[in-house]
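The values are calculated or read from the model by the stated rules, or taken from the named source; none is laboratory data. Please read all numbers here as calculations on a predicted model, not as lab measurements. Counting neighbours? That spans all protein chains shown, and the Cβs are built from the backbone with ideal geometry, glycine included. Just the protein is used for accessible areas: all its heavy atoms, side chains included, with ligands, DNA and RNA removed. Shrake-Rupley method; radii C 1.70, N 1.55, O 1.52, S 1.80 Å.
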Amino acid sequence: MFPTPIAQTKPLTQISYKIALPLSIILWLLPLAAILMTSVRSMGDINAGNYWGLPTEWNIVENYTSVFANTAMGRYLLNSILVTLPVMVGSVFLATLAGFALAKFKFRGNLAIFAMFIGGNFVPFQILMIPVRDLTISMGLYDTVWALIIFHIAFQTGFCTLFMRNFIVGIPDELLESCRLEGASEWKIFYTIILPLTRPALAALAVLIFTFVWNDYFWALVLVQSDEVRPVTAGISALRGQWLASWNLISAGSVVAALPPVILFFAMQKHFIAGLTLGATKG
């Protein structure tokens, strides 16, 4: 009797797993380690070609304080906060309303509207670059924080609606009908039933949208150009011209810019994982 293929491949699978996992972790963390090490190097260390070894001089305080003292990094971070927080709240709130309507109300065109939300997620943003830029200019919003807020909400709401609709559709209709029989309005049902039951999904979606918008570089480059409204991603790119050879300061600025999404993720890790797990178990 021949051995089963599973018995033959199991040792090979275990060996491949033990090799591939550490290798993938190293490849994933290598750029991050390089940026972290560069952010604490001195310029003399970089000019000497010491890119991967330990720094001969640790300039942790000097580099990170210089980023804020000699550049507009503080303003860039504030601009990103002014853009990201309203977009996160606005897109999640609108998507929850739309997801509630599409999941629990029967009306003509329901499926077509839902398909429109889905289809919008597959439109490349690059195609919309020129029309959106011209629209912001004609509306007087070009080079303002409001341009980024409005268009980020518009673009993110489609994905958020798809996300929330799939969660809300799993809430039993009998629960909502019992509330209606008690005389509850649709708004009261939304606030007292839908929002509490979708809290894990809201937390997961909020983390995702915060990360998407905070890390956006494309629209930050297209819709703004001045330091007064430039978010942190475009601001770091501008530092390359201001600090032509100071890669240690650029790396320090990149590390600072990456901290808010990381802090938010760990602060909401429990709810984030619960939301993704809940979505994975839905049929």
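Against the criterion of solvent-accessible heavy-atom surface with a 1.4 angstrom probe, 27, 205, 181 sort, most first, into 181, 27, 205. The heavy atoms of residue 116 present about 130 square angstrom of accessible area, all protein chains included, probe 1.4 Å. Accessible-area rank, largest first, for 75, 108: 108, 75, with all protein chains present and a 1.4 angstrom probe. In the set [x] 14.2; [y] 16.7; [z] 23.4, the label that goes with mean projected area of the Cα convex hull in nm² computed for this structure is [z].
Just to confirm, what accessible area per residue do you get for the chain at 1.4 Å probe, in whole Å²?
Numbers: 16400 Å² over 283 residues.
Normalised by residue count, the accessible surface of the chain is 58 Å².
Go through 94-106, 45-57 and give me the packing order, highest mean Cβ count within 10 Å leading. Please list the in-between numbers first.
Working: 94-106: 18.5, 45-57: 12.8.
Packing order, densest peptide first, comes out as 94-106, 45-57.
If you only keep lysine pairs separated by 8 or more in sequence, or across chains, how many in the chain come under 26 Å at the Cα atoms? Number of lysine pairs found: 7. For the pair the range 13-70 / the range 173-242, the C-alpha centres are spaced 32 Å from each other.
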